[in-house]
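Each remark here refers to the structure printed beneath this line.
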Amino acid sequence: MSAPAIVADGMRKTFKSVVAVDHISLEVPKGTVLGLLGVNGAGKTTMVRMLTTVLRPDAGRGTVNGFDVQRRPQDVRRSIGLAGQFAAVDENLTGRENLVLVARLNHLAKTVAAQRAAELLEQFGLTDAADRPVRTYSGGMRRRLDLGAALVTHPPVLFLDEPTTGLDPASRLDLWAVIEGLVHDGTTVLLTTQYLEEADRLADNIVVIDKGRVVAEGTAKQLKARLGDTVIEFEFASPAAAAQAAEVLSTTVEAGTLVRVVMREGSATLRNALNQLDAAGITPAHVALREATLDDVFLTLTNRTPEGE
Amino acid sequence: MKGFSHFVSDTLVMARRNLTMLVRVPQLLVFSLVQPMLFVFMFRYVFGGAISTGQAGLSYVDYLMPGIFLQTASFGAISTAVGLAEDKNKGLLERLKSLPMSRSAVLGGRVLADTTRDGVVVVVMLLIGFAVGFNTHTSFARVVAGIILMTIFGSALCWVFALIGLSVANGETAQAAAFPILAPLTFASNAFVPPSTMPDWLAWWAERQPLSTTVRGVRALMLGTESSDYVWGSLLWSLAIMVVFAPLAIRRFRNS
Ligand SMILES: Nc1ncnc2c1ncn2[C@@H]1O[C@H](COP(=O)(O)OP(=O)(O)O)[C@@H](O)[C@H]1O
Ligand SMILES: [Mg+2]
């Protein structure tokens, strides 16, 4: 077995009093995709910045493509592509000029840079817009260009920080397809996202972080199994009744009149819930059982419902 | 050695990118000429008649123009702060930091581009000076030396503004932060009026601060009315400013 492409070992970063990343360790085997999942402010970007040598960790070690991020930063930089949370492209340059700029700063020769830029423009469907200033690009086009810029050197390791945040569904599907293509060709990817659907679709392994700490990790399947794979959904006649029920069941209301309970103790969970509601004199309008999704896992793990402790 | 050649080539690539923007958005260049032209108009035609140079045979327009050039070169350095703050704001600096390029070249390219632009703008102002009656009293070579002296001074200030640009959130803040630094340099100086009429404490500052020293150096080179010592004085100031602020700016960039 070859060494993992990315290793983080107890990495930590604080900004004044805020602990952005609190001893996070993770491993990404070569050729796989790791989904780093967390809500806004969880520490995803900080983690990516440390692993891409942009930010120095306060403690811990990081290794990318076998190189220590602090001791061999230039070797790390030669091994990676980074597409940040916001498309880091120059508005006043054309798409082509942006790619050539990044290629030149990667020390590719002029002709090679031009050729690579043309290839990437073609690959990302930007050939027609290639010689227009990026200012005139749509959000989806900018993201694609940004991803293209990250791929200029065919890096073996790719960091994508919330690659589809803010994109319309069609552009998101497009970008997913591109990422899947890269993975198919053997690229190792660390991808951060707030969307479970995205992690579920793209990631081989998922690490859920919250407030700078790892709260769970495993495959999508394992995470779902860990939690119990069934969810009870109570539907109530009025938002008021739902709110009351949520309080009784120590959970939160979703979508107005929907209250969800994860079946962690099998049928006992259902019996208890019904008893509690009965004792409080609330009758659900509708009860359904369904398979748990990663959403349920995520909401539970990040403490957005009290049952996650 | 490879490190240095990368620094040079990366600096050129970055400088070119920054200058491209100037060609794409020519308003930037035009705006940087508006303020000095307004000052030429005000001082040459509005106040000028009431100001005495205190030196026989030296007309006010000749006294004034080197001051205007320096004002132009100094305010031009603001674009370093604005450019870097904008690049930071847009996440571009973040991407650059993840590339195997020379990190100093990010700032080097910015300063090189702004210095080049500064040189061009000063030459344009020199031509405008000729149009409003400015006369040099020395050789062509000395006039060119004067332009170079001012460009070097402007370049030194660019490093100060690089530090500012990296320390603020966005372009507007950078712009706002620049004025309190430039005002005492350009206005509390010998650029527009002889300091002899100022209160003692102000005159003391206005006689010897870096911009005034450079104005004197330029007058020495273009008019021959001051001692050439000021040329060396100005170079020393520029060097001192660079030696202090370039490492500070580079460190700031590395650590931010
Ligand atoms: N440069 C910074 N200065 C101060 N605080 C920061 C900085 N970067 C991030 N933080 C804080 O660290 C925490 C984690 O941020 P971040 O890594 O950006 O989270 P995410 O990318 O998951 O949204 C947040 O509380 C954020 O406010
Ligand atoms: Mg983020």
Inset, instruction - Select from A:Lys110, A:Lys211, A:Lys16 the residue whose mean-square fluctuation is largest in a Gaussian network model of chain A (Cα-Cα springs shorter than 10 Å). - result: A:Lys16
Legend entry - Assigned charges on the beta-carbon of Lys, Arg, Asp, Glu; the protein assembly as shown dipole about Cα centre (debye): 1900 debye
Inset, instruction - Would you work out which of A:Thr63, A:Val21, A:Gly81 lies farthest towards the positive end of the dipole of region A:13-97? Charges go on Cβ: Lys and Arg +1, Asp and Glu -1. - result: A:Thr63
Legend entry - Rg over Rh, two decimals, chain B (C-alpha only, Kirkwood Rh): 0.99
Inset, instruction - Express the accessible area of region A:6-219 per residue in Å², computed with a 1.4 Å probe while the remaining protein chains stay in the model. - result: 40 Å²
Legend entry - Heavy-atom surface of chain B, accessible at 1.4 Å and reported per residue (Å²): 43 Å²
Inset, instruction - DSSP loop (so not H, G, I, E, B), at most 13 other Cβ within 10 Å: list which GluC sites (Glu not before Pro) in region A:165-267 pass both filters. - result: A:Glu265
Inset, instruction - Pop out the ³J(HN,Hα) list for region B:188-202 in order, Karplus 6.51 cos²θ - 1.76 cosθ + 1.60 with θ = phi - 60°, rounded to Hz; leave Gly and Pro as x. - result: 7, 8, 9, 5, 10, 9, x, x, 4, 8, 8, x, 3, 4, 6
Legend entry - Mean separation of Cα contacts under 8 Å, 6 or more apart, over the residue count of chain A: relative contact order %: 19 percent
Inset, instruction - Out of all DSSP beta bridges with both ends in the protein assembly as shown, state the antiparallel percent to the nearest 5. - result: 65 percent
Legend entry - Estimated buried accessible area (total), pair B and A, 1.4 Å, Å² to nearest 100: 2400 Å²
Legend entry - Drop in accessible area of at least 20 Å² in the complex versus isolated chain, residues of region B:95-116, 1.4 Å probe: B:Arg95, B:Lys97, B:Ser98, B:Leu99, B:Pro100, B:Met101, B:Arg103
Legend entry - A:Lys221 versus B:Ala50: modelled label distance in nm, points set 7 Å from Cα along the beta carbon direction: 8.8 nm
Legend entry - Assigned charges on the beta-carbon of Lys, Arg, Asp, Glu; region B:2-255 dipole about Cα centre (debye): 920 debye
Inset, instruction - Starting from region A:219-290, pick out the trypsin sites (Lys or Arg not before Pro) whose DSSP state is loop and whose Cβ has at most 14 other Cβ atoms within 10 Å. - result: A:Arg264
Legend entry - Helix B:210-222 vs. chain B, principal-axis angle (Cα, 0 to 90°, nearest 10): 60 degrees
Inset, instruction - Quickly estimate the mean residue ellipticity at 222 nm for chain A, helices only: each DSSP H run with n ≥ 4 gives -39500 (n - 2.57), and the total goes over all residues, rounded to 500. - result: -11000 deg cm²/dmol
Legend entry - Listed residue pairs exceeding 21 Å between alpha carbons, taken from A:Lys13/A:Lys211; A:Lys30/B:Lys90; A:Lys44/A:Lys211; A:Lys16/A:Lys44; A:Lys13/A:Lys44: A:Lys30/B:Lys90
Inset, instruction - With the full set of protein chains in place, find how many percent of the accessible area of region B:151-207 is carbon and sulfur; take the probe as 1.4 Å. - result: 73 percent
Inset, instruction - Set the Förster distance to 51 Å, then compute FRET efficiency between B:Leu127 and B:Asn89 from the Cβ-Cβ distance, nearest 0.05. - result: 0.90
Legend entry - On Cα atoms only, tilt of B:60-76 relative to the major axis of chain B in degrees: 10 degrees
Inset, instruction - Give the carbon-plus-sulfur fraction of the accessible surface of region A:228-291 in %, rounded to a whole number; probe 1.4 Å, heavy atoms of protein chains only. - result: 51 percent
Inset, instruction - Could you work out the relative contact order of region B:1-122, using alpha carbon pairs under 8 angstrom and six or more residues apart, expressed as a whole percent? - result: 48 percent
Inset, instruction - Above 21 angstrom, tally the Cα pairs of region A:138-296 and express them as a % of all pairs, no decimals. - result: 58 percent
Legend entry - Share antiparallel - DSSP beta bridges, chain A, percent rounded to 5: 65 percent
Inset, instruction - Compute log10 of I(q)/I(0) for region A:6-219 with the Debye formula, placing one identical point scatterer on every Cα and leaving out solvent, at q = 0.15 Å⁻¹, to two decimals. - result: -0.94
Inset, instruction - Determine the residues within region A:41-69 where the difference in accessible area between the chain on its own and the full set of protein chains amounts to at least 50 Å²; count protein heavy atoms only and use a 1.4 Å probe. - result: A:Val54
Inset, instruction - Output the relative contact order of chain B, whole-number percent, from Cα pairs under 8 angstrom with separation of 6+ residues. - result: 25 percent
Inset, instruction - May I ask you to give the percent of accessible area on region B:1-106 that is carbon plus sulfur, with a probe radius of 1.4 Å? - result: 70 percent
Inset, instruction - With a 1.4 Å probe on protein heavy atoms only, tell me which residues of region A:103-131 lose at least 50 Å² of accessible surface in the complex relative to the chain by itself. - result: A:Leu105, A:His107
Legend entry - Acute angle (nearest 10 degrees) that the helix A:169-184 long axis makes with the longest principal axis of chain A, alpha-carbon atoms: 70 degrees
Inset, instruction - Report the FRET efficiency, 1/(1 + (r/R0)^6), for A:Arg290 and A:Val112, where r is their Cβ-Cβ distance and R0 is 56 Å, rounded to 0.05. - result: 0.55
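The values are calculated or read from the model by the stated rules, or taken from the named source; none is laboratory data. Small disclaimer: the values here were computed from a predicted structure and weren't measured. With ideal geometry, Cβ positions are generated from the backbone for all residues, glycine too; neighbour counts draw on all protein chains shown. The accessibility values were calculated without ligands, DNA or RNA, using every heavy atom of the protein model including side chains. Shrake-Rupley method; radii C 1.70, N 1.55, O 1.52, S 1.80 Å.
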